[in-house]
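Reviewing the structure listed below.
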Protein chains: 2
Amino acid sequence: MSLKHYRHLQEHFHSLIRNKVLEAGSKLPSEREIGEQFKLTRVTVRQALQSLEMEGMVYRQNRRGWFVSPPAVVYDPAAHLSFNIFVTEQGYTPHTEKLQQTLVAADSEVATKMNLAVGTPVLFLHRRRYIDNRPVLIEKMYINTTLLPGIEEEDLTQSLSQLLARKYQMSYRDMDLSFKATSLPEEATSALGITAGQSGLNIERINYTQDKQVLEIDYEYWRHDAVTIQIAIRD
Amino acid sequence: MSLKHYRHLQEHFHSLIRNKVLEAGSKLPSEREIGEQFKLTRVTVRQALQSLEMEGMVYRQNRRGWFVSPPAVVYDPAAHLSFNIFVTEQGYTPHTEKLQQTLVAADSEVATKMNLAVGTPVLFLHRRRYIDNRPVLIEKMYINTTLLPGIEEEDLTQSLSQLLARKYQMSYRDMDLSFKATSLPEEATSALGITAGQSGLNIERINYTQDKQVLEIDYEYWRHDAVTIQIAIRD
DNA sequence: CAGTGGTCTAGACCACCCC
DNA sequence: GGGTGGTCTAGACCACTGC
């Protein structure tokens, strides 16, 4: 009863991390070492580590080891700040990588949401974003090129909101947001270097122009420990 | 490589559930039965079930078994609809249970957020809420009784927003919201009949009156598979 | 009391990372 | 090639649920 060795181990690392004996980003001892030290099998050690992972205290890189999670960044979608800006403001270093960019024909889901005919060309953009060199999210966007002619020739690793303002005199306003805590799909875990099926946060966002046309649809998959959502509702 | 038995098993149940061979709420065979059927050990079976759990496809009741998750309810905090109303609108049956109600002295966190002196009495309310008889969330609220005299004598299993409107001619307006995908604390898992440390959704909400005073602070812990957050931002 | 999931042992082999 | 985590076997005992 006072057993539950994995709880004990969990509490052990919890306090080491809380007291900064183990600093953010540092590597934990290997599963086998921990097991030896505490006279536990790897199964039990892994159960403790997985509990800590669900708490957001540690994370793993596939086959590289376990690491202490940095603090989560605060993301306020309603603030209309770019990723670069809000990450920088919180004292971290953002970085964006373009994985793919192609013109695709809108499928029925995208076409319906954008109020376009199925098959209309839209710009598909796939990006990976980092905080302090740790990949924290991937996003897949469908951009309504009809409203933004020539956007595909720009540097699309930059902030889209800044690009919109500079080149098109547009800005984000209304949006529909949806959040779901669920496991990440394979495409996301492999792009983020996470073990398959880890839990994460799925955000879906539809951005509208001032006159209610759909500018862009965004699907984001975040590591769950990397972000806290914060929104101020002001009617 | 084409091994990964637990992935195979996961896909097996995934398709059974998708095709409604296993209906929402129904019980899966026991871990030992599944293992026998697929010639796998319980460890592997459990790994598959835990993956399905993270996906939100199944859930477990402590030592009772594994069950197919019902569809998630959509929760729009900005719509100012009561739990009872939005759950009913989506075709489910809500139910609320009061676990505790006491007048407490505001601690420093609550006092600061409510802009009251530490030690001011506030109403603490602890409730458990159900959808179709399944406990899906617990909430702990601190209510600013200074603004709502006599509220402690009301039936507090009912909708607070309706109570506010009827008795005090007030309604929810501005609010600060915070969401975090994390594991549930012990108090939440035990109250929800979940295994310790399961992942969930943590919502923190501060409700303001029309004139910017803090009406109530709410801490909600949801089963992660029970809810999708949806918010429309309209500037 | 029988059956369930929760915890744990003591191994094994493999895929992949880094040196 | 040595070390890491990822997957898996074949058992065991315990705590709790439901009859």
Problem - Test: B:LEU137 is more than 9 Å from every other protein chain (Cβ to nearest Cβ), farther than 28 Å from A:ARG7 by Cα and surrounded by 15 or more Cβ atoms within 10 Å (Cβ to Cβ) - result: no
Practice task
Scan segment A:9-28 residue by residue and report those that are within 16 Å of DNA strand C (Cβ to nearest atom), under 28 Å from the mean Cα position of the chain (by Cα) and open to solvent by less than 50 Å² (accessible area, probe 1.4 Å).
Solution key: A:GLN10, A:PHE13, A:HIS14, A:GLY25, A:SER26, A:LEU28
Practice task
For segment A:67-83, enumerate the residues that are away from every other protein chain (no Cβ under 12 Å) and within 22 Å of A:ASP174 (Cβ to Cβ).
Solution key: A:LEU81, A:SER82, A:PHE83
Handout entry: In segment B:49-71, the residues that are closer than 18 Å to B:GLN230 by Cβ and touching a helix residue (DSSP H, G or I) at 6+ places or on another chain (Cβ under 6 Å)
Key = B:GLY56
Fill in the blank from the handout: Out of (1) among the small types (Gly, Ala, Ser); (2) within 16 Å of DNA strand D (Cβ to nearest atom); (3) more than 14 Å from every other protein chain (Cβ to nearest Cβ), the one B:ALA196 does not meet is (3)
Problem - Counted residues, segment B:132-167 - those being more than 15 Å from B:ASN207 (Cα to Cα) and outside any loop (DSSP other than H, G, I, E, B) - result: 10
Problem - Residue check for B:PHE67: within 12 Å of DNA strand D (Cβ to nearest atom) and in contact with a strand residue (DSSP E or B) (Cβ under 6 Å, 6 or more places away or on another chain) - result: yes
Handout entry: Boolean, A:GLN50 is within 13 Å of DNA strand D (Cβ to nearest atom), within 14 Å of another protein chain (Cβ to nearest Cβ) and open to solvent by 20 Å² or more (accessible area, probe 1.4 Å)
Key = yes
Problem - In segment A:140-150, the residues that are of a type in the set (A, V, I, L, M) and buried (at least 20 other Cβ atoms within 10 Å of the Cβ) - result: A:MET141, A:ILE143, A:LEU148
Practice task
List the number of the failed condition for A:ILE203; all other conditions in (1) in a loop (DSSP other than H, G, I, E, B); (2) open to solvent by less than 30 Å² (accessible area, probe 1.4 Å) hold.
Solution key: (1)
Exercise for the section: Could you tell me whether segment B:71-86 includes any residue that is at pLDDT 95 or above, assigned to a loop (DSSP other than H, G, I, E, B) and either β-branched (Val, Ile, Thr) or within 22 Å of B:ALA196 (Cβ to Cβ) (or both)? Expected result: no
Problem - Residue list for segment B:9-47, restricted to those being more than 9 Å from DNA strand D (Cβ to nearest atom), touching a Leu at 6+ places or on another chain (Cβ under 9 Å) and more than 16 Å from B:SER69 (Cα to Cα) - result: B:GLU31, B:ILE34
Problem - Residue, farthest from B:LEU184 (Cα to Cα), within segment A:29-43, restricted to residues that are open to solvent by 30 Å² or more (accessible area, probe 1.4 Å) and in contact with a helix residue (DSSP H, G or I) (Cβ under 7 Å, 6 or more places away or on another chain) - result: A:ARG32
Problem - Residue in segment B:151-163 that is nearest to the other protein chains (Cβ to nearest Cβ), counting only those that are open to solvent by less than 20 Å² (accessible area, probe 1.4 Å) and modelled with pLDDT of 90 or more - result: B:LEU160
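The values are calculated or read from the model by the stated rules, or taken from the named source; none is laboratory data. As the structure is a computational prediction, the values presented were derived from the model and not from experiment. Neighbour counts are summed over all protein chains in view; Cβ atoms, including those assigned to glycine, are modelled from backbone coordinates with ideal geometry. Accessible surface is based on the protein model in full, side chains and every heavy atom, while ligands, DNA and RNA are left aside. Shrake-Rupley method; radii C 1.70, N 1.55, O 1.52, S 1.80 Å.
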